[in-house]
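A quick write-up on the structure given underneath.
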Amino acid sequence: MSAAPNRGPRPNYLLSAVAIVAALVVFVVPFVFIVLTAVKDRRQASDFDFAWPERFQLVQNLVDVVQARDYLLIIAYINSTILTVASVTIMVITSAMVAYVLQRRRGRWNGLVDFLVLSGLIIPPAVVPTIWVLQRLGLFRTMSGLILVEVAFGLAFCVLLFRAFIATIPRELDEAAIIDGAGPVRLFFRVILPLLRPVIVTVVLVQSVFVYNDFVNPLYFLPGEQNATVQLTLYNFNSQFNTQYNLLFMDILLITIPPLLMFVAFNRQIVAGMTAGAIKG
Amino acid sequence: MATTTIDKTPARPRAAAAPGPRRRARSPYPYWFYLPAAVIYGVLFVVPTVTAFYFSLTRWTIFDSQFIGLDNYVTFFREPALVSGLTHTLIYAVVTSAAKVVLGMLLALPLTSRIVGRGFLRSVVFFPVLVSTIGVGLTFTVLMNPDQGLINDALGVVGIDGPAWLTDPRYALLSVALVDVWKGVGLATVIYIAGIVSIPTEYFEAARVDGAGGWDNFRRIILPLARPATVTVILLSLIGGLRSFDLIWAMTRGGPGFTSDVIASVIYKQYQAGFYGLSTAGNVVLFLVVTAIVFPLSRLLNRREVDL
């Protein structure tokens, strides 16, 4: 189906070779560098070169990083998991409800909601006033506060993805369910929501990557050593491990593994989610 | 913002019991479905965004604020280190978006043609998008080390004397922008791939009958019909570039001096220093810059959009 400029009967081997070599040099070498540095000993790691490790210290470095600062990395992984799971769950349910009513019902709120969704996609959040609001609510420096912040900043994108998908679900289905006596809540949660599964998978994947990789919001809204998320450990370790690049890169490696696994398993859905939301832009 | 007059219990008997005039009032799509999202979004996004305008006019300690008029803005635009943050932000956003448009298209062309290892190549180009920005920043800080870094070593092999990427005031901002492009070009590429693949094959067949070559195909078919993709790439990278913070913070912290400071890093520095009013003024400036650029641009670009 691919409509492309170069549609010969045979693959273009020269172009392929050039593309593969270029991709390896530009995009793969940095990752190999991360892996190599992560398993070197301290002295060789500080050479910054692309050499093969003289002594493999995979286990030693792993243990050192995990044990650093009283197992901070473990706490950070727990924090990041709670943050990601909770915020993505809330985001998915609340934004699906918004997108559903927004798509199905033409009414006086549509213009306002559309405007708010667009604003949410474009406007950079105001940092200190958000801290002020959180402080007033007693949620500053709490995990629940950060979860709600992530939800607030992620909603717009979710609504966009859900609405496009809900538009493809025939209204006849709603009508049939209503005739069968389903109220609004049952109609949505029992009939519509299960049909959204493909787009829910996409939204969950894309938002999980965003929230997991988020550095700025935890930095502002959940400061404090014991509250660190995995991205903040990188930031903290960077100052601590200034002379221990093997440990710093082991941390980078560990933090890169979850997105890598997700990408290997769900490559197609992630790309679909990022481009589908984008093309509608 | 939702009509809460409707009772919240899912009334199962309602449909059976109330066929009368009440039924018309009850849509199966109740507005209170907006409520949970509206509360979170309103409290944590709309309220801070609106109150930012007031707090940017105050001397502010979170707990109490004292109105001082436009003093913060005067400070912001008088202090060279802060104003330069504004110009750096614009340079950074324009450079990264332009590079992503050009490179994204250049990468998407071979990746939609018949080449060996296409799936692998697409994955390799896209994967950095999913990786931690801080991780990428720290990795490239090492790779860009002027004396020992891999990049200058490699350039040295072919006889080029690489610059001191991050420590030279002239190049620091552009070096970070380069890494931003490395990390973000995969998204531009997959957007272009989606755009190119959705062009009907008939166009290319007709062009072949007319004797069009590869360049004609690109110039007359792909470029105009991939326009929505271009619009998306430009808008997304501008929005991202204007508010960019984490990569810059991981690589240079705005340095050397203030040569790679952008508005977002100024906001953080002023916040850390306890100048909350000034920090918020920076936020308002960023808000104005983003809306002044992105809203009109999206109007302009979307006006002649080809519907896919």
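Key figures for this structure:
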read-out: Positive-end extreme of charge dipole, the protein assembly as shown - chosen from B:TYR203, B:MET144, A:ASN238 (charges on Cβ); value: B:TYR203
read-out: Cα shape, chain B, gyration tensor, a/c 1.5 rule; value: oblate
read-out: Centre separation in Å (Cα based) which lies between the stretch A:217-264 and the stretch A:115-192; value: 29 Å
read-out: The stretch B:254-298 versus the stretch B:122-147: alpha-carbon centroid distance in Å; value: 24 Å
read-out: Net charge over other residues, Cβ less than 13 angstrom from the Cβ of A:PHE50 (K, R count +1; D, E count -1); value: -2
read-out: Positive-pole candidate from A:ASN227, A:LEU187, A:ALA96, dipole of chain A, charges at beta carbon; value: A:LEU187
read-out: Ratio of the Cα radius of gyration of the stretch B:155-299 to 2.2 N^0.38 Å, where N counts its residues; value: 1.43
read-out: Kirkwood hydrodynamic radius (C-alpha pairs) into Stokes-Einstein, the stretch B:99-198, 20 °C and 1.002 mPa s, D in µm²/s; value: 144 µm²/s
read-out: Shape call, the stretch A:164-222: gyration tensor on alpha carbons, a/c limit 1.5; value: prolate
read-out: Loop trypsin sites (Lys or Arg not before Pro), the stretch B:241-273, which have at most 15 other Cβ atoms in a 10 Å radius of their Cβ (DSSP); value: B:ARG253
read-out: Intensity falloff of the stretch A:1-130 expressed as log10 I(q)/I(0), Debye formula with alpha-carbon point scatterers, at q = 0.09, 0.10, 0.11, 0.16 Å⁻¹; value: -0.71, -0.82, -0.91, -0.96
read-out: Radius ratio Rg over Rh of the protein assembly as shown, counting only Cα atoms, Kirkwood formula for Rh; value: 0.99
read-out: Over the protein assembly as shown: helical MRE at 222 nm, DSSP H runs n ≥ 4 each giving -39500 (n - 2.57), nearest 500; value: -21500 deg cm²/dmol
read-out: Cα centre as origin, Lys/Arg/Asp/Glu Cβ charges: the stretch B:23-178 dipole, Debye; value: 1200 debye
read-out: Angle in degrees between helix A:245-280 and the longest Cα principal axis of chain A, rounded to the nearest 10; value: 30 degrees
read-out: Kirkwood Rh and Cα Rg combined as Rg/Rh, the stretch B:151-193; value: 1.13
read-out: Relative contact order of the stretch A:188-260, pairs being alpha-carbon contacts under 8 Å that are 6 or more residues apart, as %; value: 22 percent
read-out: Rounded to 10°, Cα long-axis angle of helix A:230-240 versus longest principal axis of chain A; value: 30 degrees
read-out: Nearest 10 degrees, 0 to 90: helix A:143-166 Cα axis against chain A principal axis; value: 60 degrees
read-out: Top positive-direction residue, dipole computed over the stretch B:172-281 with Cβ charges, set B:TYR276, B:ILE191, B:LEU178; value: B:TYR276
read-out: For chain B: relative contact order, % (alpha-carbon pairs under 8 angstrom, 6 or more apart); value: 26 percent
read-out: Dipole magnitude of the protein assembly as shown about its Cα centre (Cβ charges: Lys, Arg +1; Asp, Glu -1), debye to nearest 20; value: 2280 debye
read-out: Stokes-Einstein D for the stretch B:217-299, Kirkwood Rh over Cα pairs, 25 °C, 0.890 mPa s (µm²/s); value: 167 µm²/s
read-out: For the stretch A:99-206, size of Cβ-based charge dipole, Lys and Arg +1, Asp and Glu -1, in debye; value: 180 debye
read-out: Space enclosed by the convex hull of the alpha-carbon atoms of chain A, per residue, Å³; value: 192 Å³
read-out: Within-11-Å neighbourhood charge of B:ARG253 [Cβ basis; K, R +1; D, E -1]; value: 0
read-out: Radius 12 Å from Cβ of A:ALA23, net charge of other residues (Lys, Arg +1; Asp, Glu -1); value: +2
read-out: The stretch A:185-279: C-alpha gyration tensor shape, a/c 1.5 cut-off, then a/b vs b/c; value: prolate
read-out: Hull volume in cubic angstrom per residue (convex hull over the Cα atoms of the stretch B:125-182); value: 84 Å³
read-out: Rounded to whole Å, sorted largest first: equivalent-ellipsoid semi-axes of the stretch A:129-228, Cα gyration tensor; value: 36, 16, 10
read-out: Mean separation of Cα contacts under 8 Å (6+ apart) over length of the stretch A:130-281, as relative contact order %; value: 32 percent
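Read-outs: derived from the displayed coordinates by stated rules, not from any lab. Quantities reported herein were computed from a predicted structural model and do not represent experimental measurements. Every residue, glycine as well, gets a Cβ built from its backbone with ideal geometry; the counts of neighbours run over all protein chains shown.
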